[in-house]
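One structure is given here, and the rest of the page talks about it.
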There are 2 protein chains.
Amino acid sequence: MNEHFRPVALEHASRLINHGPTVLVTSAAGGRRNVMAAAWSMPVEFTPPRIAVVIDKSTLTRELVMASGAFALCLPGAALVDFTHAVGSVSGRDGDKFERHGMAVTQGPVLGMPLIESGCAAWLECRLIPEPHTETAYDTCFAEVVAAAADTRIFANGHWLVNDDNQDLHTLHHLGGGNFARAGGVIRAKST
Amino acid sequence: MNEHFRPVALEHASRLINHGPTVLVTSAAGGRRNVMAAAWSMPVEFTPPRIAVVIDKSTLTRELVMASGAFALCLPGAALVDFTHAVGSVSGRDGDKFERHGMAVTQGPVLGMPLIESGCAAWLECRLIPEPHTETAYDTCFAEVVAAAADTRIFANGHWLVNDDNQDLHTLHHLGGGNFARAGGVIRAKST
């Protein structure tokens, strides 16, 4: 549990991944659980809040997602950069990655997915929308967001609050090869 | 034309949008052309390089993409923040947005799409892969990247070169409401 987390209204859920952060996909089914990093996700609809994420068909995560029909996206802050890279490089078939890294989990309120709050900026609990063709052809899984929450030190009242004082919670954006940009340096466009 | 642009090998094309930048979707068909901002895009495959982008069915861009079977994604640098927000707020049905903003275009080498190089970090010319169901249900268009290029001051030899000296070319990541984070502050994860 992270005392700073508060629920995010579902109509604001798409904003959590609107800016393209690398996410941690968490999953559980039949007594097993897993976490992997994924750079490829995006919202596809505001209301109802729907997202798409690419989960390779060879992964344990994909197996668990197909078994449970559910997963969560957790947004690692900059302080979790090593954890994020590590869980994107090793398979959950080689042992429980939460345990290996001593990572505490809480249980998702709607679907019971394992959620990481410590070091994360936000999470979205998602119910898979079965789309066999796109899952097979593009490893692209569509899902509806059924619950979301964020650390109020960086996202509150439906808005990101990115500043120099919360750099550890700035989202990570994978440039490749273990190099991540942080989303900082906010600029405001002129009104049109 | 931008003298700093060089072709990007297709096997590296996914890296251009791996970190979730807001993109400009450019399109042309039947003597009309358009540009709109889109926050929702992602790679879905490395080889062949394939991407997905959400293009609302009500937009002129969607009409042109369906007519030509092609579009391009241009990655605006931070210096184009006002242009990016403006072309995300106004419809191309109300007049040519390139002309209104005095934006020069070059022609895509494979599909002839209008490309923006001035102020952009990179572009990807894309051939639509018709997927009527996902286009209708999720406004999600799949496509194969057939040509790509980048400004070598920020992307060269298949790698992003983000530093304090090229901030005007840092990609934009839309937080909502005209506020954009820039992808900067690169951190390197420990090897695992």
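The values are calculated or read from the model by the stated rules, or taken from the named source; none is laboratory data. Remember, predicted model here, so these are calculated numbers, not experimental data. Here Cβ is always computed from backbone atoms with ideal geometry, including for glycine, and neighbour counts include all displayed protein chains.
Could you run through segment B:90-112 and say how many residues are part of a loop (DSSP other than H, G, I, E, B) and either exposed (fewer than 13 other Cβ atoms within 10 Å of the Cβ) or touching a residue at least 12 places away in the same chain (Cβ under 8 Å) (or both)?
We begin by selecting, within segment B:90-112, every residue part of a loop (DSSP other than H, G, I, E, B); these are B:90-91, B:95-96, B:101-105, B:108-112.
Subsequent filtering for residues that are either exposed (fewer than 13 other Cβ atoms within 10 Å of the Cβ) or touching a residue at least 12 places away in the same chain (Cβ under 8 Å) (or both) retains B:91, B:95-96, B:101-105, B:108-112.
Residues in segment B:90-112 being part of a loop (DSSP other than H, G, I, E, B) and either exposed (fewer than 13 other Cβ atoms within 10 Å of the Cβ) or touching a residue at least 12 places away in the same chain (Cβ under 8 Å) (or both): 13 in total.
What number goes with the only condition from (1) more than 7 Å from chain B (Cβ to nearest Cβ); (2) touching a residue at least 60 places away in the same chain (Cβ under 8 Å); (3) more than 18 Å from A:Met36 (Cβ to Cβ) that A:Asn157 does not pass?
With respect to (1) more than 7 Å from chain B (Cβ to nearest Cβ); (2) touching a residue at least 60 places away in the same chain (Cβ under 8 Å); (3) more than 18 Å from A:Met36 (Cβ to Cβ), A:Asn157 is out only on (2).
Out of segment A:50-67, which residues are more than 10 Å from every other protein chain (Cβ to nearest Cβ) and small (Gly, Ala, Ser)?
If the condition is that a residue be more than 10 Å from every other protein chain (Cβ to nearest Cβ) and small (Gly, Ala, Ser), then A:Ser58, A:Ala67 are the ones that fit.
Count, please, the residues in segment A:160-173 that happen to be assigned to a strand (DSSP E or B) and either touching a Phe, Trp or Tyr at 6+ places or on another chain (Cβ under 7 Å) or at the interface with chain B (Cβ under 7 Å from one of its Cβ atoms) (or both). Show your work before the answer.
First, the residues of segment A:160-173 that are assigned to a strand (DSSP E or B): A:160, A:171-173.
Pick out the ones that are also either touching a Phe, Trp or Tyr at 6+ places or on another chain (Cβ under 7 Å) or at the interface with chain B (Cβ under 7 Å from one of its Cβ atoms) (or both) and you get A:160, A:172-173.
Selection size over segment A:160-173: 3.
How about segment A:28-89: which strands (runs of 3 or more DSSP E) wholly inside it have at least 3 residues that are touching a residue at least 40 places away in the same chain (Cβ under 8 Å)?
On the way: elements: A:32-38, A:41-45, A:50-54, A:70-76.
Filter on segment A:28-89 gives A:32-38, A:50-54, A:70-76.
Kindly list, by first and then second residue, each pair from a residue in segment B:114-141 that is within 23 Å of B:Arg15 (Cα to Cα) and assigned to a loop (DSSP other than H, G, I, E, B) to a residue that is of a type in the set (A, V, I, L, M, F, W, C) and modelled with pLDDT under 95, limited to pairs with Cβ atoms under 7 Å and residues at least 6 apart or on different chains.
That search, which allows pairs on different chains as well, returns B:Glu117/B:Met1.
I'd like to verify a number: residues in segment B:174-183 that are farther than 16 Å from B:Leu80 by Cβ and facing chain A (nearest Cβ under 7 Å), how many?
Filtering segment B:174-183 for residues farther than 16 Å from B:Leu80 by Cβ gives B:175-177.
Add one more test, that the residue is facing chain A (nearest Cβ under 7 Å), and what stays is B:175-176.
Result for segment B:174-183: 2.
Out of all the residues in segment A:72-81, is one or more farther than 15 Å from A:Ala39 by Cα and not small (Gly, Ala, Ser)?
Step one: filter segment A:72-81 for residues farther than 15 Å from A:Ala39 by Cα, giving A:79.
Filter once more, so that each one left must be not small (Gly, Ala, Ser): none.
No, segment A:72-81 contains no residue that is farther than 15 Å from A:Ala39 by Cα and not small (Gly, Ala, Ser).
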